[in-house]
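K.L.:
There's a structure below that I have some questions on.
The values are calculated or read from the model by the stated rules, or taken from the named source; none is laboratory data. Worth saying up front: this structure is predicted, and the values here are computed from it rather than measured. Cβ atoms come from the backbone with ideal geometry, glycine included; neighbour counts cover every protein chain shown.
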Amino acid sequence: MEQEITQIDDLKTAAKALLDFAGNEKVFLFYGGMGAGKTTFIKELCTSLGSTDNFSSPTYSIVNEYQSPAGKLFHFDFYRLKNATELLDIGIDEYLYSGNYCFIEWPQLAEVFLDGFYISVNIKVQENNRYLRASKQGT
Ligand SMILES: Nc1ncnc2c1ncn2[C@@H]1O[C@H](COP(=O)(O)OP(=O)(O)O)[C@@H](O)[C@H]1O
Ligand SMILES: [Mg+2]
């Protein structure tokens with residue numbers, strides 16, 4: 001299942017569309033290079049889910065936790081991780097199977113821990129526009 005949510009210049013509309021597309025799925029993997037807009041988009045998703053917490057990039061902290069009416073929201077950034085062992089150290093599977101929303105930037109190292117369905121999101125920048133494509137993956 002794939003959905004093209006092309007222009008994400010209207011972040012609010014795009015965030016709602018992605019949450020609709022995801023339905024009950026709560027694990028989101030964000031692919032896209034540095035500066036693609038992953039953090040910005042995740043912030044919009046958290047806002048869309050009703051969170052009013054202070055938002056920051058978890059580049060140094062690995063995981064940030066926000067409160068929302070939809071429950072805890074977990075925001076990961078694995079850019080600085082060197083290997084999957086570090087994910088075991090933070091208890092990655094507990095987060096992934098907690099039933100809470102998990103938004104993951106630089107998710108490559110986490111792929112081996114995934115089970116069930118998840119939402120794969122690709123953000124691309126072309127000229128001055130950002131494009132988002134989402135697909136439901138897994139078994
Ligand atoms: N949809 C957008 N429209 C305009 N500017 C954006 C958009 N998304 C991100 N940006 C800007 O691009 C820069 C990088 O965004 P960021 O979300 O930090 O990227 P990433 O997390 O993918 O590295 C920031 O300055 C941000 O304000
Ligand atoms: Mg980022």
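K.L.:
I'd like the residue in region 98-139 that is in a loop (DSSP other than H, G, I, E, B) and at pLDDT 95 or above and, out of all such residues, is surrounded by the most Cβ atoms within 10 Å (Cβ to Cβ).
P.N.:
Across region 98-139, the extreme among qualifying residues is PRO107.
K.L.:
Take region 90-106 and flag every residue that is out of contact with any strand residue (DSSP E or B) (no Cβ under 7 Å at 6 or more places or on another chain) and in contact (Cβ under 8 Å) with a residue 60 or more places away in the chain.
P.N.:
Taking region 90-106 as the starting set, the residues that turn out to be out of contact with any strand residue (DSSP E or B) (no Cβ under 7 Å at 6 or more places or on another chain) are 91-94, 97-99.
Scanning region 90-106 gives a single hit, GLY99.
K.L.:
Counting only residues that are among the aliphatic types (A, V, I, L, M) and touching a residue at least 60 places away in the same chain (Cβ under 8 Å), which one in region 31-48 is farthest from ligand 1 (Cβ to nearest atom)?
P.N.:
This residue is ILE42.
This table checks each residue for (1) buried (at least 18 other Cβ atoms within 10 Å of the Cβ); (2) in contact (Cβ under 8 Å) with a residue 12 or more places away in the chain; (3) among the hydrophobic types (A, V, I, L, M, F, W, C).
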{"position": "SER51", "(1), (2), (3)": "yes, yes, no"}
{"position": "THR59", "(1), (2), (3)": "no, yes, no"}
{"position": "GLY71", "(1), (2), (3)": "no, yes, no"}
{"position": "ALA84", "(1), (2), (3)": "no, yes, yes"}
